[in-house]
Structures are given as C-alpha cells and as structure tokens.
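Worksheet: the structure to be examined is printed underneath.
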Amino acid sequence: MASAPTSKYNSHSLENESIKRTSRDGVNRDMGEAVPRLPGETPITDKEVIYICPFNGPIKGRVYITNYRLYLRSLETDSALILDVPLGVISRIEKMGGATSRGENSYGLDITCKDMRNLRFALKQEGHSRRDMFEILTRYAFPLAHSLPMFAFLNEEKFNVDGWTVYNPVEEYRRQGLPNHHWRITFINKCYELCDTYPALLVVPYRAADEDLRRVATFRSRNRIPVLSWIHPENKTVIVRCSQPLVGMSGKRNKDDEKYLDVIRETNRQVNKLTIYDARPNVNAVANKATGGGYESDDAYHNAELFFLDIHNIHVMRESLKKVKDIVYPNVEESHWLSSLESTHWLEHIKLVLTGAIQVADRVSSGKSSVVVHCSDGWDRTAQLTSLAMLMLDSFYRSIEGFEILVQKEWISFGHKFASRIGHGDKNHADADRSPIFLQFIDCVWQMSKQFPTAFEFNEHFLITILDHLYSCRFGTFLYNCESARERQKVTERTVSLWSLINSNKDKFKNPFYTKEINRVLYPVASMRHLELWVNYYIRWNPRIKQQQPNPVEQRYMELLALRDEYIKRLEELQLANSAKLSEPAAAPSSPSQMVSHVQTHF
C-alpha cells in the first residue's frame with residue numbers, strides 16, 4: 001500500500017483549467033508569476049514561511065493569500081512542493097506557540113481543513129507576521145463573520161455552457177411521465193408559504209386538494225409533507241419523501257395525514273399496503289416523541305407497514321468521520337490498519353445507508369408497494385435514501401447530466417442544509433449542525449461505481465471534483481440551506497454553477513468503460529466484505545500512499561478509443577476524397593458512416 005517517500009508532489013487536486021489561462025491578468029509581477037488566479041480573484045498578501053510538512057519535514061516557502069485561496073510555493077531547490085488550498089476548505093485557524101516559545105518552528109499557525117488534511121506554518125516571532133497572517137486568513141476564510149461576500153459572488157469565470165439550466169423540475173417530472181391521471185404538479189409552495197425548505201414546485205396525488213395539503217403540513221415536522229420524488233415507468237409505484245409526523249408523547253393523530261397517505265397508496269390500485277421506511281433506529285424514533293416528533297403507528301395507519309433502517313444521526317456521522325481523519329492523516333499506521341478502520345464505524349454507516357436504499361429500490365422495482373421515506377426532518381438521511389434508490393432504479397441518473405439533476409433535485413432543491421452541514425464561510429467550527437451527510441452519499445455512489453464499473457458515465461475524478469467544490473465556495477451550487485434562501489440571494493444570477501465547469505469539459509469526467517443500459521436496476525452488495533475505504537479521496541494528501549490514478553487499464557483503454565477515433569476520421573477523409581474522384585457516385589457508399597460501419601474495432 002505504501003510507496004517510497006518523495007519530496008516532489010503537488011497536493012492540489014481542484015480543477016485548475018480556467019486558472020491557468022488567467023494567471024497573470026492584472027496581478028503584480030511577483031505574485032502573478034507565482035500564483036494561478038481566477039477572474040475576480042485578488043491578491044491580499046504574501047509571506048515567507050516554513051511549511052511543516054507531515055511527510056517530508058520543514059520546507060521553506062512563500063505563501064500567497066488571495067480572496068479565494070492560500071497558495072504555497074517551495075523556495076527549496078530539492079522540493080517542488082505546491083499547496084493550493086481554497087479558503088472555503090478551512091474549518092479552523094489556531095495560533096501555535098507563544099512569545100516565549102523556544103523550540104524550532106514552534107511558533108506559527110495550525111490550520112484544520114474540511115477535506116481530511118491539516119496545515120502547519122512556522123513564522124518568525126518578530127514583526128507581527130503571525131498576527132497579520134492570522135487576521136487576513138480569518139477574514140477571508142470566514143467572510144460571513146466579517147460581513148464580506150463569499151468568493152462565489154466575486155467569481156467572474158465564464159464557461160461555454162450554463163450549468164444553472166441543467167435542472168428544470170417540470171422537464172424532469174415530464175421525463176418521468178408526470179403529471180398523469182394519479183399525480184399532479186402543484187404550485188401551492190411557489191412563494192414558499194406552505195414549507196420554506198421545500199422547492200416551489202411539488203408533485204402530489206391528483207385526489208389531494210391544496211387545502212388538504214395545508215392541513216397535512218400542520219402534522220409534519222417543518223411542514224415537510226409527503227411529496228413524490230420518483231415514479232416507476234412500468235408498475236407506477238412511487239418513492240415519496242417527507243419528514244416525521246408530529247405524534248408526540250400523547251400519541252396525537254391527524255385524520256388528514258392518515259387519509260393523505262392512503263390516497264398515496266391508492267394511486268396504484270395493484271398494491272394493498274404502503275411501505276414506510278423510517279431511516280432512524282427504532283429507539284431514536286421513540287425518543288423523538290419527547291420533542292414532539294415520532295412515527296406512524298399501526299393503529300393509526302392501517303394500510304401501511306413501517307420499517308426502521310437503523311441509520312444514525314448527524315452527530316454520530318460527524319464523530320465517525322473525525323475518527324477516519326485521525327487514522328488517515330497525517331500517517332497511516334499499517335500494523336493496526338484494519339482494526340483502526342473498524343473502530344471508526346465509517347464503513348458500517350456506509351453499509352447501513354446502502355442497505356436502506358436497496359430496500360427502497362427493491363420494494364419499488366418489484367412492484368410490491370409504493371414507498372414513503374423519512375427521518376426526522378427529511379433533509380439528511382431521507383435525501384441519502386431517495387437519491388441512492390433512484391440511482392439504483394433509473395439509469396438516466398447514472399449519466400453525467402442525470403447525476404447533476406439528481407443532486408440538484410433531491411439534495412439542493414429539497415433543502416439539504418448545505419450551509420449548516422458544511423459551514424460555508426462560517427468560523428464556528430464546533431457547530432453541532434456540521435455533518436458529512438453529503439460526503440457519505442458520494443462515498444456510497446463511489447462504492448456502487450466500484451461494483452458496477454461500466455454502469456456510470458462519470459469517473460472518480462467527477463465525484464472528487466464535486467466534493468472539492470462542496471467546500472471551495474468558488475461556485476454557488478451548494479451555498480445556503482434551501483431554495484428559498486438561494487432565491488433571496490439571487491444565487492443563479494450572481495454566481496457560477498459547478499455544472500458549468502464540468503459540462504464545458506465533460507471528457508475529463510467520463511468513464512471510458514461506460515456502457516449505456518436502459519432499465520437495468522443495480523443492486524450493490526452492501527456487506528462489509530465488499531465495501532472499502534475510498535483511498536483516492538480520504539488518503540490522497542499522503543504522497544507515500546501509492547495513488548491508484550491514473551488507472552493503467554483505463555489509460556490504455558482511452559488511448560485505444562482515441563486511436564479508433566483517429567482511424568475513423570482518416571477513413572472519412574479518404575472516403576470524401578475518393579468520392580470526388582469517382583465518376584459514378586452511386587458506386588460509393590452514401591455516407592462516411594456507412595463505409596465506417598464495415599470496419600469493426602475490438603474496443
């Protein structure tokens with residue numbers, strides 16, 4: 001697993017394509033030559049520091065700080081180290097050492113990042129150099145605490161495609177065959193009055209009037225009523241999402257809610273029962289009654305079956321990821337690796353999320369019943385389960401744009417609290433709302449892509465890019481907690497979409513082994529024997545861990561595909577040149593593609 005230490009590595013993995021083209025626009029000569037820069041990115045300061053590299057020891061370098069990034073370039077001849085860290089990735093900045101510190105490199109800054117790494121810089125004690133750097137970093141890494149805009153609102157990048165047009169809810173529901181005789185589109189939430197964390201457009205049962213929806217909303221946490229996420233194209237069973245019912249300790253009932261779930265069941269007359277998957281462990285769901293929540297009891301919901309999926313809450317997931325970081329950064333201890341990994345419970349949580357999604361997908365695919373999914377508020381575990389089940393059921397979501405639509409729909413528009421869970425621009429690193437729920441979802445997608453290497457149009461680089469920009473604040477895609485907040489901030493008008501970057505250069509993100517298949521349901525094996533730690537993400541900063549990218553098989557396959565394309569192009573050119581010489585055009589194939597069709601390749 002480990003390879004020989006090396007002092008020459010670049011720890012920057014974020015997209016840099018458009019940076020390189022604009023690296024010297026309007027920057028002073030020294031800084032412009034040293035630092036790549038985005039349009040709208042401005043230099044703030046630069047300082048000579050000692051970078052305490054956890055792999056190769058102290059490295060003398062110059063650190064440059066802009067309003068978007070911290071960039072370090074080594075000044076040592078035997079080290080080509082470059083650090084390129086978007087300030088949005090920074091979770092915490094601490095001063096190390098004091099005025100009396102005497103140890104070598106004991107005085108400086110300790111920076112904790114959200115992407116599984118820490119950075120330490122030693123500075124000179126004289127001249128307030130640490131204080132200046134600390135204040136500048138704090139100001140620009142946590143702009144919300146200093147009444148500054150996040151960089152996404154300053155970013156002036158231009159791309160040849162507009163990522164904000166990728167997701168149109170009406171078009172996506174139309175692709176699913178909606179509305180139909182049983183389901184309708186309602187604009188009851190167009191001003192976010194029914195539910196301020198739901199999207200403006202919702203799909204509900206045809207037989208449920210808007211007045212019914214308002215009454216149901218009073219009995220669901222945060223007014224997040226059951227609404228359709230996905231409908232099976234053949235058997236017409238559906239995946240519906242919502243939040244917990246407000247049952248409370250006294251076991252309150254709501255006839256409108258009970259009737260509404262029965263109406264959902266009756267949209268498909270072939271099924272007798274509605275299946276409700278509560279993502280929480282049973283004991284947690286019972287405990288939630290004490291705070292006014294709860295779950296659907298058998299005596300109130302006669303035609304429904306309830307199953308608990310035992311997925312733990314945001315606090316458990318946060319602590320689990322902290323333990324993962326402890327064992328992967330900076331050093332991986334080989335001798336106790338398996339027991340250390342097991343003690344984090346991270347893969348156990350991945351297994352439970354995948355197992356729950358498989359149950360949802362199987363219930364719908366088999367036509368046994370329609371499914372309602374909820375957790376407590378319906379924006380964390382619920383989003384994980386619905387989106388993963390839809391990924392298993394619908395091959396459209398396994399394409400690049402289909403996956404972007406899935407994320408826009410089930411996560412962004414349905415109110416996963418990205419701002420609270422990630423803490424964009426916020427200095428409160430200890431906030432109890434922080435949690436790696438979306439990271440966990442992407443990890444599950446990666447696990448599926450490992451088990452079905454030809455089923456996904458996108459590659460690992462695509463998933464890592466999404467996670468990098470989940471934190472970077474370069475794009476507006478993941479900012480704020482819900483659609484209503486994004487509309488108030490005019491995010492689509494004032495920021496660039498991450499999908500603009502990806503869709504303007506799709507080849508970088510394509511899986512060369514992808515084989516498009518329609519209506520194939522994927523059931524990953526969610527046992528601990530088949531799950532693995534995503535080394536290329538969690539341990540990518542360690543140069544001693546042999547990186548598995550680029551995959552030599554994938555590289556060779558792409559070379560062969562390029563060779564095939566070159567041969568086809570040359571064949572078409574020859575055919576066109578030949579047809580000009582032929583006196584009887586009928587003797588020649590009518591098109592280059594017809595001629596090419598006779599030439600079969602093995603790739």
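The values are calculated or read from the model by the stated rules, or taken from the named source; none is laboratory data. Note that the structure is a prediction, hence the values are computed from the model and not measured. FYI the Cβ positions are ideal-geometry reconstructions off the backbone, even for glycines, and counts take in every protein chain you see. Each accessible area value is taken on the protein alone, full model and side chains, heavy atoms only, with ligands, DNA and RNA left out. Shrake-Rupley method; radii C 1.70, N 1.55, O 1.52, S 1.80 Å.
At a glance:
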quantity	calculated
Accessible surface of the chain, 1.4 Å probe, proportion on carbon and sulfur as whole %	50 percent
Neighbourhood net charge (14 Å Cβ-Cβ; Lys/Arg +1, Asp/Glu -1) for A122	+3
R0 of 25 Å, Cβ-Cβ distance I44-E76: FRET efficiency to nearest 0.05	0.55
Qualifying GluC sites (Glu not before Pro) in the stretch 266-363, DSSP loop, other Cβ atoms within 10 Å at most 10	E333
Selected from I502, T386, V63, residue furthest toward positive end of dipole (the chain; charges at beta carbon)	V63
Å² per residue, accessible surface of the stretch 381-503 at 1.4 Å	22 Å²
Spatially proximal lysines relative to K490 (Cα-Cα < 24 Å; intrachain offsets below 8 disregarded)	K158, K190, K409, K417, K427
Sparse-neighbourhood loop sites, trypsin sites (Lys or Arg not before Pro) in the stretch 101-183 - DSSP loop, at most 11 other Cβ within 10 angstrom	R102, K158
Solvent exposure, largest accessible area first (probe 1.4 Å, DNA, RNA and ligands not counted), of T515, T386, T100	T100, T515, T386
Sparse-neighbourhood loop sites, trypsin sites (Lys or Arg not before Pro) in the stretch 460-552 - DSSP loop, at most 14 other Cβ within 10 angstrom	K490, K516, R520, K546
Lysines with Cα under 26 Å of K252, excluding same-chain neighbours fewer than 8 positions away	K273, K289
Backbone HN-Hα couplings from phi across the stretch 245-253 [Karplus 6.51/-1.76/1.60, Hz, Gly and Pro as x]	x, 8, 6, x, 5, 7, x, 4, 10
Net charge, H302 excluded, C-beta distance under 9 Å - Lys, Arg +1, Asp, Glu -1	-4
Nearest-0.05 FRET efficiency for F513 and I568, computed from C-beta distance (R0 22 Å)	0.65
Student exercise, the chain dipole from Lys, Arg, Asp, Glu Cβ charges, in Debye to nearest 20	520 debye
Radius, Kirkwood style, for the stretch 355-455 when every pair of distinct Cα atoms is counted (Å)	14.6 Å
Convex hull per residue volume in Å³, alpha carbons only, for the stretch 138-236	170 Å³
Largest to smallest principal axis extent of the C-alpha atoms in the stretch 202-269, angstrom	41, 21, 20
Span-like helix ranges in the chain, DSSP H, alpha carbon extent 15 angstrom or more, Kyte mean at least -1.0	129-141, 314-328, 346-365, 381-393, 437-451, 460-472, 552-581
The chain - percent relative contact order, Cα under 8 Å, separation 6 or more	14 percent
Segments 572-582, 239-249, 307-317, 184-194 sorted - mean Cβ within 10 Å per residue, highest first	239-249, 307-317, 184-194, 572-582
Net charge over other residues, Cβ less than 15 angstrom from the Cβ of S339 (K, R count +1; D, E count -1)	-4
Gyration tensor verdict on the stretch 43-148 (Cα atoms; rounded if a/c is under 1.5, prolate if a/b is larger than b/c, oblate otherwise)	oblate
Within straight-line cross-link reach of K569, lysines at Cα separation under 24 Å, skipping those fewer than 8 residues along the same chain	K506, K508, K510, K516, K581
Helix-derived mean residue ellipticity, 222 nm - over the chain, DSSP H n ≥ 4, -39500 (n - 2.57), to 500	-10000 deg cm²/dmol
